[in-house]
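Heads up: the structure comes next, in structure tokens.
Quick note: the coordinates plus some simple rules give every number you see, no bench work behind them. Remember, predicted model here, so these are calculated numbers, not experimental data. Positions of Cβ are backbone-derived with ideal geometry, glycine not excepted, and every protein chain shown enters the neighbour counts.
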Amino acid sequence: MNFEGKTTVVTGAANGIGAALARRFHAAGARVVVADRDAKNLEIIEKELNSIRPDSAFAVVADIGSEAGNVALIDAARAKFGFIDLFYANAGVGMGTDLESTDEETWNTAMNINLHSHRWAAKHLMGEWLAAGEGYFCSTASAAGLLSQIGSGPYSVTKHGAVAFAEWLSITYGDRGVRVTTLCPQGVNTNMLNPPDAVPGIGNTDGGSAVKASGVVLEPAEVADIVYNTIVAEKFLVMPHPEVHTYEKRKVDDRDRWLSGMRRLQARVAGG
Ligand SMILES: NC(=O)c1ccc[n+]([C@@H]2O[C@H](COP(=O)([O-])OP(=O)(O)OC[C@H]3O[C@@H](n4cnc5c(N)ncnc54)[C@H](O)[C@@H]3O)[C@@H](O)[C@H]2O)c1
């Protein structure tokens, strides 16, 4: 895909990976609708991008954790810039720990934001994309969606769901012009990995300690560059940490051995 003159939407664009993606797509000549529930930082990104090219960015304060929030975002983006060439479902949360400590509301919120938001957005984009014979859906899942997330059941489950949904979307609509890319990083230096209220060890709401113990932490701009190149090449999977491929191969080759290794890592992280 060539980004020049295209309309893109990025959710979770007020911070971290989403802000870096918005900047990268904009630098390649795209119009960018930046969406987030963090209105303050969203306005900063919108202003920054519009100061480079007037009327090329549009901020929509949105809660994508509901179907109505996704519909409102897509309607606002279309009303501003017309046909949406690429929608990037990036917003996500690191919520929940184990079965004893995670209540239903937390599970449901994680499911809605990390997984159902992708389905709700795709559902409201697909009609227009199929009629046009083209459209590009991208998502940020996680290496946790290919492997697992030490310390967080909701994160592991929702990110596996996000990868599964992206694969299914590509299988089902790929021959009708819809392209799909999903991002599966390990550690990226954002608020999610370094939450201000983090508790070291397995009690972390985001499993940040386990992620940092597993390998290199990349900067959001580095990840955005790799995502951009993958979309230009129209490839499905973005795996910015090559070691994830090795871990995934080990998992597929011998699940029991891989599970033992993950338990050892969990014990190491819990030990601090
Ligand atoms: N940072 C990492 O190490 C890492 C690793 C793998 C995957 N990810 C994924 O990357 C994505 C981006 O996270 P990040 O690391 O940039 O963290 P971040 O916390 O900096 O950014 C997440 C953004 O999503 C927004 N958001 C959350 N819920 C929302 C909602 N309901 N409606 C609208 N906006 C909402 C937040 O306000 C925030 O701006 C997430 O999906 C996350 O799961 C992050």
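Which peptide among 56-63, 142-149, 41-48 comes first, and what is the full order, when sorted by highest mean count of other Cβ atoms within 10 Å?
Numbers: 56-63: 21.0, 142-149: 24.6, 41-48: 17.6.
Most protected by this proxy first, the peptides run 142-149, 56-63, 41-48.
With the crude spin-label approximation of a point 7 Å out along Cα→Cβ, what separation in nm comes out for ASP254 versus ASN229?
Between ASP254 and ASN229, the simple spin-label model gives 3.3 nm.
Tell me, rounded to the nearest percent, the portion of alpha carbon pairs in the chain spaced more than 35 Å apart. Don't skip to the answer; put the middle values down first.
Numbers: 5022 of 36856 pairs.
Considering the chain, 14 percent of its Cα-Cα pairs are separated by more than 35 Å.
For region 143-272, what does the equivalent ellipsoid look like in terms of its semi-axes, each the square root of 5 times an eigenvalue of the Cα gyration tensor, given largest first in whole Å?
Each semi-axis is the square root of five times an eigenvalue, giving 27, 18, 13 Å.
Give, as a single signed number, the net charge of other residues whose beta carbon lies under 12 Å from the beta carbon of LEU125, with Lys and Arg counted +1 and Asp and Glu -1.
Values: positive: ARG78, ARG119, LYS123; negative: ASP75, ASP85, GLU128, GLU134.
Once positives and negatives cancel, what remains is -1.
In nm, give the distance between the simple-model label positions of LYS47 and GLU4, each being 7 Å from the Cα along the Cα-to-Cβ direction.
Distance between the two pseudo-spin positions: 3.2 nm.
How many angstrom separate the Cα center of region 65-100 from the Cα center of region 1-42?
13 Å
Ranked from highest to lowest mean number of other Cβ atoms within 10 Å per residue, what is the order of the peptides 15-24, 92-101?
On the way: 15-24: 25.3, 92-101: 17.3.
Ranking the peptides 15-24, 92-101 by packing returns 15-24, 92-101.
What percentages, rounded to whole numbers, describe P(r) for region 1-151 computed over all alpha carbon pairs with 5 Å bin width beginning at zero?
Calculated P(r), rounded to whole percents: 2, 10, 19, 22, 19, 13, 8, 4, 2, 1, 0.
Sum -39500 (n - 2.57) across every DSSP H segment of at least 4 residues in the chain, then divide by the residue count to get the 222 nm mean residue ellipticity, nearest 500. Write down the numbers at each step before the final one.
Details: 10 runs with 133 residues, N = 272.
That comes out to -15500 deg cm²/dmol.
Treat every Asp and Glu Cβ in region 7-270 as -1 and every Lys and Arg Cβ as +1, leave all other atoms uncharged, and give the resulting dipole magnitude about the Cα centre to the nearest 20 debye.
Working: 24 positive and 30 negative charges, 111 e Å.
Here region 7-270 has a charge dipole of around 540 debye.
Could you tell me which residue out of GLY96, GLY161, TRP129 lies farthest along the dipole of region 78-192 toward its positive end? Charges go on the beta carbon: Lys and Arg +1, Asp and Glu -1, centred on the Cα centre.
TRP129
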